[in-house]
Structures are given as C-alpha cells and as structure tokens.
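Below is one structure, written out as structure tokens, with a few remarks after it.
Taken together, the values in this text are just the output of simple stated rules run on the coordinates, not laboratory data. This structure is a prediction, so every number in the text was calculated from the model and none was measured. Here the Cβ is made from the backbone with ideal geometry for all residues, glycine too, and neighbour counts use every protein chain on show.
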C-alpha cells in the first residue's frame, strides 16, 4: 500500500522544497538590505530544508521506477519491467521531467555545500549568495511543479508495462554522464550567485574573487568531465567512431565551458592584481546564462539530436522566460553597479595580465563562433526564412586558427611577469622553447609516418609551445630552490601546469587521430579477412544471443599484426524487444597509442554483413588530456588559500569597507 503513495509523497516534497526556496530567496536578501541578522540567518537552514525535500522527491521517483509503478506517466514512458534494475534507477534522469528533477537536486546540493563550507564568510555576503541561489531554485522548482511534473498519474487507464528506456541510453555511460555534466552546469550558479552578491553589496574587489574562485573551478572541472564523458559515449555507442560532431547539444555544453575557462583566468587576475573586476563579474553572468541557454536548447524541442529531449514547446517558452529574466535583471544590476568600480592594477601589454586578457578575448570569439553557428539555423527556421545546416566545416574553419592563436598566448602567459615583462626576459624564457618546439614538430611526422604534414606540424607545434615553457620553468625552479622549494609552491600553481599540459595532450590526440586514422566500410562473411591500417581483421563467426530485454547478433573478429594474433573482438547488433529499435554495440581494442574499432552494420545477402573497421591512433589522448584538466580544477580548488580562516576573512572585509 505504501508503494502506491510514493508519487504523491514525492510531489508533496517538491511543493515543500518550493516553499523553502521562496523563503530562502526572500528573507536573506531583504535581511541583508535592511540589516536584519535574524532574517539573514534564515538562509542556511532553508537551504538545508530545500535539499532534504528535493532529495525525498528524488528518492520517491527512484522507488517508483524500481517498483515498476507504470501508473506514473513518466515511469511508463521511460522504463519497462524487463529493464535491468540499474538502468531503471538511471532512467530517473533518462527523460525531461526526471532530468529537471536531477537538476533541481544538484542545485540544492550546491546550496548546501555553500552553506557548510562558507560559514566564515561575512554574514551579509553569505545571505546574499544563498538568497540568489534561492531565487534560481524558485525558477526551476516552479518549472518542475507546473510544467514538468515527474509524478503525474495515468489514471484510470494505467498501462500494464512501460514503453522502455531509449536503447541509446541503456549504457554504463548514462550512469555517470548526465549527473556529472549537470554538476558543471548547475555549479556555475554558485559563481553567478557570488557575482550578484558582490554587485548587490558593492564588494567588487579581490576578496569576492578569492571566495568565488574555488567554486568556479570545481564547476568547470565537472563540466569538463561531463563533456569528455559525452564525447567518449558518442565515440563507442553511436557506431560512427567520431568523438565530436559539432552537434547543437554538444555545442550547448561547450559554450559555458569556454566562458567558464575565461572566468577562471579572469578571477585569477582579479584576486592577484585587483584588475578585470567588472570583466570578471560579466563573465560569471555569461557562464551561468549560457548554462540556462543550454537547458533551453536541449529541452525546448527546437533541436533534433540524439542528446536532446524533444518536448512540448511551452516548456521551452518557460525556460526562455526564465533565461530572459535572469539575464535581463543581472545585466541591469551590472550596468548600475559596474561603472562605480575602479579599473584596478595597471599593467603593460608585455605582462601576464595582458596575455590572460588576450586569451579571454580569443575564448569569447570562439564562444561567439559556436553561438552563431548553433542559433543562426534556428533563427532562420523560426522566421520562415528557410532551413540551413551549419556543420563541421564552418566550425573547423574558424576554430583551428583561433586555437592556434590561443596556444601562442598560453605558451607565453605562464613565463610572463605580473605588471610588466622586459622583452629580453620573455625571449630568454621562451626563445629556446620555441626553437625546440619547431624542430620537434617538423621532425615528428617524418619519424612517425615517413611523410611530412603541415597540419600535423602546426598541431604539434601548438602542443609543444604550451608544454616546453612549463618544462623550462619546472627545471628552473628545481635548480633554484630544489625539491623543498617545489613543495612550497601552492597547489594552484601545479593545477595551472597540469591543466595546460592536459590541453596540450588533447591537442596532440586531436591532431594525430584526425590525420592518421584509417577507416574502411567492408562486406564480410564468416571466414573472410580484410587489411586495415596494417592490421588483419578476420570475421570468424556470427552467433545469436539473447539479453535481458534485447536479441542480438554477435560477431567474432580476430585481429593479427605482423602474423601475430593480438586479440579477439566481439561487436554486436542488438534489437530491443519492446521498442523494436536496433542498436550497434562496438568492439574496442586499445592501448595508449591506438584504438582498433569494429562496428557491426546491417545484414547483407547470404551470410555477409556490413562492418565498419577503423584504426585510430592516439585517440585516447583526447580524453586523457581532458581528465588532466579535471584533476587540475579539483587540485586548484583544494589550495589552502581558499580555506576561509576567520582572521583572514575579517581582515579582508575591513580592508574592503575601508
């Protein structure tokens, strides 16, 4: 009997969470404005109440899936009694309503994290931060309750069984990809809340940037991780062997990542030198606004994508209004407050500040490129001016030169000095690295493939130009101060090094797999062989098998290299019983330097099948570099400078008021 009440309990918990978010939004902000300590003190307990109530709602929905309550419309649309239990739990966020509930849960979780980890912030500032986060929660919880209720019943005619989860999402990647990606999306709400709190309180200085920086880099790290997982999922699950297709939904996650990358570097300058104050606030607003825009694109039904949730456009209109209110009010507040802020520390164009500023400009140009390429076709379609498709050629034509420009200043920035860097010093620190990078980049294609390639040389030159100055700086530090000196360097320094090296590793992977991958679409019957990229692939047999909710044909493919048997691979072609949807399960054989990729296509005449076989060198370096960037973000956030000490915060607040 209790199980039948799960949806009602979950919906009631959502309503209580909405009430808590309203209290969290209203009283702390008014208390900070009218200087009422008791009103400000409401923020923290209400943030905890909101989280507990959303968590209860989430647990109720999870139990509804686990117990096959198909009287709940959302459960019936996204689950089936044959679905394995772990996919039932993941199906909670497999559709629109559940994904928005997950979004709300993570938003409440970030609020609790701020509550628990920022108790020593000035009381009025913390109240404003939590109040702004409460306002955001009001918007999203009202959206879930009014337009996207995951607990709505199908009464009186409840189905006996469910429609089933989309087969594309019945994959281990679904277990981790959406929550981690949403952690990044929602995490930028904290940076946004800190920026708005600083504007409201008139505290646009180095102090607020120091408080906001660890939250920002953690959000950026999660978003980086989520994007990498999405790329990896597309690579092995969709059967085409690519890792990025400039899909509009992929672009929706890339845009806040670019803005967040610029924000992290701008926060560093504001904290260290007191410069870029207004610019930093604007970037915080931009990063969160782009996260909201990504939500609109994915859930409005305006996009057609394997990643998108096609839904009632009225839901998209709601998010569009929420986006408009958020951006409009934020920019209005920025316009009123920012002109009063001093420009901060002066610097020359031969300084670290200048290099970071140029990098930020390049990142924003890249962002605008993605924004235009994503929205322009939608705008034309909305105005009935025709339909066009903006694909990889457009993005690659603009992104490649911009990436090269970004790499140039990334290589110079870490070896530059604050305020001013004499040209002789800059030349001494980077000249030998430039020469070594050029020689290695020219020689490497000849050694690897026996032929010189301009594209490979340029890509390797970019990666080496980023890497070698960091190596030179490490050797210099070791010679000057020894291991003891290296241990005294802050974690944020090592985070910067790891993050830049991670980007260099990713560039190497992109360049080499783009130029040296080999692909063949072949017709094979059992007993036939084909040579691809120096490897011999033999289809030994085909067999039928049955899974928990699908039937499949599995191929057995042996791989030999120089007459030595390397491995046996097992690609599958599945047909899901309920949806009758076919799906390719690729087989992968990998090491750090290459992937062997086999995908079973469609059956042909006789016993023959179509197979896609690929040899992809260094493709794993793309995701290895991304994971290095994730580690760099988490390491930077753990720097002891960001652990708020009462004395430091109090002194900083007095300096700000003075």
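Every pair of different Cα atoms in the range 372-470 enters the Kirkwood calculation, which places the hydrodynamic radius at 16.3 Å. The alpha-carbon atoms of the range 84-137 define a convex hull whose volume equals 58 cubic angstrom per residue. Using the Cβ-Cβ distance between residue 331 and residue 146 with R0 set to 41 Å, the FRET efficiency from 1/(1 + (r/R0)^6) comes to roughly 0.95. Modelled label positions at residue 9 and residue 38, each set 7 Å beyond Cα in the direction of Cβ, lie 3.5 nm from each other. Over the C-alpha atoms of the range 135-223, the Rg to Rh ratio, Rh being the Kirkwood estimate, stands at 1.17. From largest to smallest, the equivalent ellipsoid semi-axes obtained for the range 518-618 from the alpha-carbon gyration tensor read 24, 15, 12 Å.
Applying 1/(1 + (r/R0)^6) with R0 = 41 Å to the Cβ-Cβ distance of residue 168 and residue 564, what FRET efficiency is obtained, to the nearest 0.05? With a Förster radius of 41 Å, E is 0.65. Three semi-axes describe the equivalent ellipsoid of the range 1-170; taken as square roots of 5 times the Cα gyration tensor eigenvalues and ordered largest first, they are 36, 14, 12 Å. Sorted ascending by nearby beta carbons within 10 Å, beginning with the fewest, 117, 90, 22 become 117, 22, 90. Once C-alpha pairs closer than 8 Å and six or more residues apart are averaged by separation and normalised to the residue number of the range 518-618, the relative contact order reads 26 percent.
Eigenvalues of the alpha-carbon gyration tensor of the range 585-648, scaled by 5 and square-rooted, set the equivalent ellipsoid semi-axes at 48, 13, 6 angstrom, largest first.
With only the Cα atoms considered, the range 517-563 has a convex hull volume of 104 Å³ per residue. Global size of the range 470-577: 24.3, 67 Å for Rg and Dmax (C-alpha atoms, Rg to one decimal, Dmax whole).
Counting neighbouring Cβ atoms within 10 Å and putting the fewest first, the residues 641, 565, 352 line up as 565, 641, 352. Over the residues of the chain, the helix contribution to mean residue ellipticity at 222 nm works out to -22500 deg cm²/dmol, using -39500 (n - 2.57) for each DSSP H run of at least 4.
Remark on the range 134-184: Rg and Dmax equal 15.5, 40 Å (Cα only). Counting beta carbons within 10 Å around each of 602, 97, 540 and listing the fewest first gives the order 602, 540, 97. In this calculation the C-beta distance from residue 483 to residue 446 is compared with R0 = 51 Å, giving a FRET efficiency of 0.85. Starting from the coordinates of the alpha-carbon atoms of the chain, obtain the Kirkwood hydrodynamic radius over all distinct pairs and give the value in Å to one decimal. Value: 27.0 Å, from the Cα pair sum.
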